[in-house]
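Let me give you the structure first, and then I'll get to my questions.
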Amino acid sequence: PCNLTGWWENDLGSKMQVFKVGKDGTFSGEYHTAVSSAEKPIQPSPLTGSQHLDEDGQCTFGFTVNWKKFSDSTAVFVGQCFNGDDGKEVLHTSWLLREKVDSEPDDWKATR
């Protein structure tokens, strides 16, 4: 089965550490982004999530990252773990990023 515990790195150089996945599938960790449009220096950010513990090992999962240490934004990721041809686990994810805007009329530009 897929084990999310440990370090993961994406194509852009961002890294995520999942501390431990509980028996109920919940987990926490830190996200170390390599990309940001914030003016403050990037810092590791807390993440919390949940994973389906499927017997076939190709589980789905989701997690939230709060960039509160350097930005007024929050991101959510959803994905699935696959066992690659080389035997290594690979995560495929999609994400949404919500940035803070100053007024409701600016809501249209707040989510990427």
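The values are calculated or read from the model by the stated rules, or taken from the named source; none is laboratory data. Quick caveat: nothing in here was measured; it's all calculated off a predicted structure. Every residue, glycine as well, gets a Cβ built from its backbone with ideal geometry; the counts of neighbours run over all protein chains shown. Heads up: the accessible areas ignore ligands, DNA and RNA and are worked out on the full protein's heavy atoms, side chains in. Shrake-Rupley method; radii C 1.70, N 1.55, O 1.52, S 1.80 Å.
Can you list residues from other chains, or at least 5 along the same chain, whose modelled amide H is less than 5 Å from the amide H of SER14?
Correct list: ALA34.
Can you tell me the accessible area per residue over the chain, all protein chains present, probe 1.4 angstrom, in square angstrom?
Ligands and nucleic acids excluded, the result is 67 Å² per residue.
Would you mind finding the longest exposed-site-free stretch of the chain, with exposed GluC sites (Glu not before Pro) meaning DSSP loop and at most 12 other Cβ atoms within 10 Å?
Details: sites that count: GLU39, GLU55.
Free of exposed loop sites, the longest segment is 56-112.
Read phi for every residue in segment 75-91 and hand back ³J(HN,Hα) as whole Hz from Karplus 6.51 cos²θ - 1.76 cosθ + 1.60, θ = phi - 60°, with x for Gly and Pro.
So the Karplus estimates, Gly and Pro as x, are 10, 10, 10, 10, x, 9, 9, 10, 8, x, 4, 8, x, 8, 6, 10, 9 Hz.
Thinking of the chain as a set of Cα atoms, what percent of all their pairs are more than 18 Å apart?
52 percent
Something else about it: Can you list the aspartates and glutamates whose alpha carbon sits under 19 Å from that of LYS20, skipping same-chain ones fewer than 8 residues off?
Partners within reach: GLU9, GLU30, ASP54, GLU55, GLU89.
Moving on. Would you mind putting 15-25, 65-75 in packing order, based on average other-beta-carbon counts within 10 Å, highest first? Let's see the in-between values first.
Details: 15-25: 14.5, 65-75: 16.9.
Going from most to least packed, we get 65-75, 15-25.
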